[in-house]
Amino acid sequence: MICRTILSGVAGAAMLFATPAVVESEPTLISVASTGKAVAKPDLAVVFLSARSSAPLAADALEQNKKKVQEMSARLTAMGYKDGQVRWSGHRFSPAGQGMYYPGGQRPTGFDVYNNLFVLIEGTELKNLNDFNAKVSTLLDELSKLGASPNMMPISSMSMGGASVVAFSLKDAAAAEREAYQQAMDRARPIAEDIAKRMKVQITGIASVNSTSMGRMVVGGPPNPLDELPYEYISSSIDEVPVRVRLDVRFSYK
């Protein structure tokens with residue numbers, strides 16, 4: 001019994017020795033992070049407001065808000081805005097008053113029902129600044145008469161140079177993104193070459209590239225209502241929309 005056990009153990013050891021583990025070596029890489037920026041003329045403006053109603057009962061606040069939305073939609077139609085230029089977020093509910101609404105906590109003293117409104121202005125209407133400003137002023141004045149209010153989360157005053165209920169964007173940012181990506185790549189290679197020189201090695205190629213668009217920059221907190229729109233790059237300037245990208249480039253070397 002003892003001999004058989006020993007032989008069995010020896011055979012097992014031989015099998016282990018005959019099947020070595022395959023260990024893959026890590027590739028030798030130099031990683032560089034770089035950024036690129038392109039500037040494009042906006043071809044789209046978004047005026048974003050909010051229709052907000054409050055009442056002790058959520059059902060009452062909802063009915064009030066429905067009425068506001070209907071009145072504002074009718075006024076926008078009368079002013080010449082088409083269906084494709086007017087977007088509503090849908091009714092949203094939130095507790096109102098001094099109470100906190102959580103299990104075991106104090107009940108709210110009422111409810112807010114709100115609906116985010118986005119009015120799109122595009123094309124030639126952005127070319128004449130005086131005409132554009134007059135159009136926006138009329139829009140704000142007319143909707144304010146019906147109870148519209150500035151949105152609770154306007155463009156970030158920290159990242160966009162001033163709070164505003166008017167944002168500018170690009171309907172198609174592909175060309176500007178390509179320019180920004182190319183700029184970032186052109187910046188990455190010299191940095192990698194300098195690192196390789198200091199390491200006394202030679203760059204042999206690009207192993208991988210990870211890209212990230214650096215679109216909306218907003219202050220942390222509640223979600224920005226502009227996230228409900230499909231436009232990635234936002235500016236508060238009618239003159240330019242910055243398009244920024246970041247690349248993480250990994251260069252192989254020998």
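The values are calculated or read from the model by the stated rules, or taken from the named source; none is laboratory data. What you see is a predicted model; the values in this text were computed from it and never measured. We place every Cβ from the backbone using ideal geometry, glycine too, and count neighbours over all the protein chains shown. Areas reflect the complete protein model, heavy atoms only, side chains present, ligands, DNA and RNA absent. Shrake-Rupley method; radii C 1.70, N 1.55, O 1.52, S 1.80 Å.
Largest first, how would R75, R198, R250 line up by accessible area (1.4 Å probe)? Intermediate values should be presented prior to the final figure.
Numbers: R75 75, R198 185, R250 100 Å².
From most accessible down to least: R198, R250, R75.
Couplings 3J(HN,Hα) for region 130-139, derived from phi with the Karplus relation 6.51 cos²θ - 1.76 cosθ + 1.60 (θ = phi - 60°), are 5, 5, 5, 4, 5, 5, 5, 4, 4, 4 Hz, where x marks Gly and Pro. The string of couplings for region 140-146 from the Karplus curve (6.51, -1.76, 1.60, θ = phi - 60°) is 5, 5, 5, 6, 5, 4, 9 Hz, one whole number per residue in order, with x for Gly and Pro. Label separation (D83 vs K37): 4.2 nm, computed from points 7 Å beyond Cα along the C-beta direction. With 0.36 nm allotted per residue and the present C-alpha distance subtracted, the T204-S252 stretch has 16.7 nm of extension available. Legend: distances between Cα atoms for K127/K171; K82/K145; K82/K135; K66/K171; K68/K127; pairs beyond 25 Å are K66/K171; K68/K127. Less than 5 angstrom separates the built amide H of S237 from those of F168, all sequence-distant by 5 or more or on a different chain.
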